[in-house]
Amino acid sequence: MNGYGLLNSIADRTRAQTFDSFLDHAREYLASRQKNEAGVIAGVVFEDTVRRIAITHGIDESGKKLDSIISALAADGVISGVTAKRCRAAAGVRTKATHAQWDEFDIGDVQATVAVTDELVLVKLDGEA
């Protein structure tokens, strides 16, 4: 691994730890049944995670919509088709939460967003080079 690869690996692991901290806050909100707050935090962490995975795998994410990045990750085999479907659902929660469309998602949707984000951070940022 060259020096640049090592720095990227360290940066990815540091980011994964930061994301886990943010997701802990989302989990706390979920435990308190505060889905709106949890949805905003989980959605933002989800989007940043997807964009970082794209960058790590050489996929240009700059200026692209989240759905097209998810499609590119699936097309390149970075994530499976089933994971891509789960990611699209999480992207929907992110959009609804960040646009204060509170009645258009429920606590289960936020829990699923946290779960897929946890999986992506663990497998694609923290556990995979």
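Values in this text are rule-based calculations from the coordinates and carry no lab data. None of the values given here were measured: they were computed from a predicted structure. Neighbour counts run over all protein chains shown; Cβ positions are idealised from the backbone, glycine included.
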Residues that are more than 13 Å from residue 87 (Cα to Cα), of a type in the set (S, T, N, Q) and without any contact (Cβ under 8 Å) to a residue 40 or more places away in the chain, drawn from the range 48-69: 62
Has the range 78-85 got any residue that is crowded, with 18+ Cβ neighbours inside 10 Å and among the polar types (S, T, N, Q)? yes
Looking at the structure I just gave you, is residue 53 buried (at least 22 other Cβ atoms within 10 Å of the Cβ), aliphatic (A, V, I, L, M) and outside any helix (DSSP H, G or I)? no
Can you tell which of 66, 23 is within 18 Å of residue 108 (Cβ to Cβ) and surrounded by 15 or more Cβ atoms within 10 Å (Cβ to Cβ)? 23
Could you please tell me which pairs satisfy a Cβ distance under 8 Å, a separation of 6+ or placement on different chains, a first residue in the range 71-84 that is over 13 Å from residue 120 (Cβ atoms), and a second residue that is part of a helix (DSSP H, G or I) and not β-branched (Val, Ile, Thr)? 71/84; 72/54; 81/74
Output for the range 90-125, where each listed residue is of a type in the set (D, E, K, R) and crowded, with 17+ Cβ neighbours inside 10 Å: 94, 96, 109, 118, 124
